[in-house]
1. Among the residues of the stretch 180-236, what is the count of those that are over 20 Å from P41 (Cβ atoms) and either of a type in the set (S, T, Y) or not assigned by TED's automatic domain parsing to the domain that holds A51 (or both)?
2. Which of the residues spanning the stretch 330-384 are within 25 Å of the chain's Cα centre (by Cα), among the β-branched types (V, I, T) and farther than 28 Å from A97 by Cα?
3. Could you grab the pairs with beta carbons closer than 8 Å, sequence gap of 6+ or different chains, first residue in the stretch 110-129 and on the phi < 0 side of the Ramachandran plot, second one small (G, A, S) and part of a loop (DSSP other than H, G, I, E, B)?
4. For the stretch 295-345, give me each residue that is more than 20 Å from Q141 (Cα to Cα), charged (D, E, K, R) and not in a loop (DSSP other than H, G, I, E, B).
5. Scan the stretch 127-138 and give yes if some residue there is of a type in the set (V, I, T), surrounded by fewer than 24 Cβ atoms within 10 Å (Cβ to Cβ) and not in a strand (DSSP E or B), otherwise no.
6. Tally time: how many residues in the stretch 346-369 are among the hydrophobic types (A, V, I, L, M, F, W, C) and assigned to a loop (DSSP other than H, G, I, E, B)?
7. Name the pairs whose Cβ atoms lie under 8 Å apart, with the first residue in the stretch 361-379 and assigned by TED's automatic domain parsing to the domain that holds L288, the second surrounded by 21 or more Cβ atoms within 10 Å (Cβ to Cβ) and among the basic types (K, R), and 6 or more positions between them or separate chains?
Amino acid sequence: MPDRDGSLEVPFLPYGRQEIADADVKAVVEALCSGWLTTGPRVSEFEQAFAAQCGAGEGVAVNSGTAALHCAMRALRIKPGDEVIVPAITFAASANAALYEDGVPMFADIEPDTLLIDPASVAKKITPKTRAIVAVDYAGQPADYDALRALAKDRGIALIADACHAPGATYKGRKTGTLADISCFSFHPVKHLTTCEGGMALTENAAQAAHMRRFRNHGIDSDHRTREAKGAHAYDMAELGFNYRLPDVQCALGSAQLKRLPGWVAARQKIAGWYDEALAGMAEVLPLKTHRDRTNAHHLYVVRLADHIDRDRVFARLRAEGIGANVHYAPVYLHSHYRKLGYKKGLAPLAEAASRQILTLPMFPAMAGADVARVVAALERATA
């Protein structure tokens, strides 16, 4: 459709977008007609299928990636005053989950070329109060789990993987979902696969999995389906929990989407390769590095702009051209709520510097080479 000035309207290119196919719709309709809308058989089917895809033993489906992180904190028995080390550059939920249990987030700095949590900074943050480390697989690349495990194993510190960006990625040949004590995933619409909203916690520890299943269901020791199967009505609320259940309808969508996850990861890696090649000659724009011992699932394609370039000006210019640029993320401790808790600027200088320069470019499996060329051309104009 032409604009008012007679030019052709250019479609907006978002930074992320999910695909819904006929098979997804069919799976959801079948769930709607099944008689089980929640706490039914599709929940455990999705848990088992996702855990198997990741090579993990136990899966616990919940209604968001945030809920998965909270379940992990509870299962690992984070108590008031316990310190939890998280990277400064991440979505707020990575740190908020510790606050939910009255823990104390401690912010580690990042590797400037990857924006992953820096094990050297983590080592400096460890105190006698440290009970957990949250490793965030930023943009789709796994953190350095061997280095983090070496810091944690002899100190009784748990390791949590915030793998919400990285299903299908690998670290030294091992799959995400198997790299930490508990690994957490998100199924938000811009992630690799979606359940509309949803998440999953994976673990090899059956007791932790049982604890998380109870915690997601108000702390109750059974759900309606298990009581129905036993012909029983009585139940016990063993602890104060939350309603973090993921309904059958959403699990049906997740199971249908899961079948296409390998193809979507491959498509994202191909698109990242196009970007890498197209940006190779632009000195003002530096893509993030992927370590050779890892594969990157590329939830996001993030670049770092040269120091002299005004990132916010580039962002505005791209948006004006219909390019859905974004920024992931500001350091968590600079948000107003954390400032009220006493956190101050200067905790992670490398993260603070990076946050002023990073820019997220569109990345989703349906993108074509022409879309990448359009983004890069707009970026060249915006940084000129």
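1. 4
2. V372, V375 - these are the residues of the stretch 330-384 that are within 25 Å of the chain's Cα centre (by Cα), among the β-branched types (V, I, T) and farther than 28 Å from A97 by Cα.
3. Once the first residue is on the phi < 0 side of the Ramachandran plot and sits in the stretch 110-129, its partners that are small (G, A, S) and part of a loop (DSSP other than H, G, I, E, B) give I110/A88; I110/A348; L116/A143; I117/A143; S121/A348; K129/G81.
4. R311, D312, R313, R317, R319, R339, K340, listed by residue number.
5. Just the residues of the stretch 127-138 that are of a type in the set (V, I, T), to begin with: 127, 130, 133-134, 136.
Filter again for surrounded by fewer than 24 Cβ atoms within 10 Å (Cβ to Cβ), leaving 127, 130.
Then drop every residue that is not not in a strand (DSSP E or B), which leaves 127.
Yes, the stretch 127-138 has at least one match.
6. We begin by selecting, within the stretch 346-369, every residue among the hydrophobic types (A, V, I, L, M, F, W, C); these are 347-348, 350-351, 353-354, 358-359, 361, 363-364, 366-368.
Next, only the ones that are assigned to a loop (DSSP other than H, G, I, E, B) stay: 347-348, 363-364, 366-368.
So the count comes out to 7.
7. Close Cβ pairs satisfying both conditions: M363/R268; F364/R268; P365/R268.
The values are calculated or read from the model by the stated rules, or taken from the named source; none is laboratory data. A quick note: this is a predicted structure, and the numbers were derived from the prediction, not measured. Virtual Cβ from ideal backbone geometry, glycine too; neighbours counted across all protein chains shown.
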